[in-house]
Amino acid sequence: MTGLSPNHPMLVREGRSDGMTMSAEVSMFHPLGPKTLEDWLAEEQPDDGSRLELIWGYLHMTPPPGGPHQYAAGELFAELRAAVRAAGRTDLTALPAVGVRISTPFRIGVIPDVAVVSVAPDRVNFGADELVLAVEVWSTGNTRAERDTKIAAYASARVPYLWIVELPAGRPAKFWGFTLGETGYRQEVFAGDGETVKAPGPVPVVVDTGQLR
């Protein structure tokens with residue numbers, strides 16, 4: 001699909017009449033909890049597949065992702081890894097579910113479902129300035145507050161590319177691709193109902209939403 005969808009429900013228009021520039025509906029000014037990035041990094045990640053993230057200084061545990069989530073994330077990881085290799089980009093690495101230190105002042109550390117980083121994968125976690133593309137796969141269990149916060153965090157950290165996949169219960173997968181503008185993320189593409197689209201990113205990737213289920 002080459003046309004754009006209506007705005008992603010977690011993003012809003014900002015500053016342009018064509019509605020193409022988006023930013024998260026959440027301020028980065030937020031009461032902070034007691035936990036720091038160092039505290040988060042010192043925590044052991046659960047061994048049952050749950051993910052422990054740091055949001056506004058509070059530890060946030062999400063339950064282990066289910067099969068549909070892991071299938072979609074796995075497909076996108078495989079596509080990105082193949083695309084990075086095909087492009088000969090030895091400066092980039094595609095990784096599944098790694099810790100990213102988004103912001104020390106705002107005390108945010110997250111685990112995107114898939115990441116493309118600009119360094120070798122020889123470390124336990126990565127800095128926000130090393131994150132080139134973040135992929136988030138969302139289902140009905142992800143709250144709006146969680147989604148808004150992550151979008152705002154990626155934008156504030158100046159992550160160049162963001163992909164969002166939604167897996168509505170009993171419905172086809174939906175895909176949004178964004179690039180970072182001056183004031184927020186700009187929606188470049190949308191695909192759903194089994195459509196295929198060229199996704200924005202550091203390397204050429206074609207996403208087939210029919211393969212995400």
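Taking amide H positions as modeled 1.01 Å from N, with prolines and chain starts lacking one, the residues under 5 Å from VAL189 and 5 or more places away or on another chain are GLY177. Extending 7 Å from the Cα toward the beta-carbon at both ALA87 and ARG144 defines two label points whose distance is 3.5 nm. Backbone amide hydrogens, once placed in the peptide plane, bring VAL114 within less than 5 Å of ALA97, VAL135, excluding anything fewer than 5 places away on its chain. Using all pairs of distinct alpha-carbon atoms, the Kirkwood hydrodynamic radius of the chain works out to 17.4 angstrom.
Loop-resident GluC sites (Glu not before Pro) (DSSP state other than H, G, I, E or B) in segment 150-213 with no more than 16 further Cβ atoms inside 10 Å of their Cβ: GLU182. Helical content of the chain, expressed as a calculated mean residue ellipticity at 222 nm, amounts to -6000 deg cm²/dmol (DSSP H runs of 4 or more residues, -39,500 (n - 2.57) each, divided by residue number, nearest 500).
Karplus-based coupling profile of segment 191-196, in residue order and whole Hz: 8, x, 6, x, 6, 10, with θ = phi - 60° in 6.51 cos²θ - 1.76 cosθ + 1.60 and x standing for Gly or Pro. Equivalent-ellipsoid semi-axes for segment 85-158 (Cα gyration tensor, √(5λ), whole Å, largest first): 22, 15, 10. May I ask you to give the percent of accessible area on the chain that is carbon plus sulfur, with a probe radius of 1.4 Å? Carbon with sulfur: 53 percent of the solvent-accessible area. Relative to the globular-protein estimate of 2.2 N^0.38 Å, the Cα radius of gyration of segment 31-131 stands at 1.14. For LYS35, the aspartates and glutamates whose Cα falls under 14 Å of its own Cα, not counting residues fewer than eight places away in the same chain, are GLU43, GLU53. The alpha-carbon of LYS174 sits under 29 angstrom from the alpha-carbons of these lysines, leaving out residues fewer than 8 places away in its chain: LYS150, LYS198.
The values are calculated or read from the model by the stated rules, or taken from the named source; none is laboratory data. Model, not experiment: these values are computed from the prediction. Because the Cβ atoms are built from the backbone with ideal geometry, glycine has one as well, and the counts that use them run over all protein chains shown. Side chains are part of the model used for accessible areas, which takes the heavy atoms of the whole protein and leaves out ligands, DNA and RNA. Shrake-Rupley method; radii C 1.70, N 1.55, O 1.52, S 1.80 Å.
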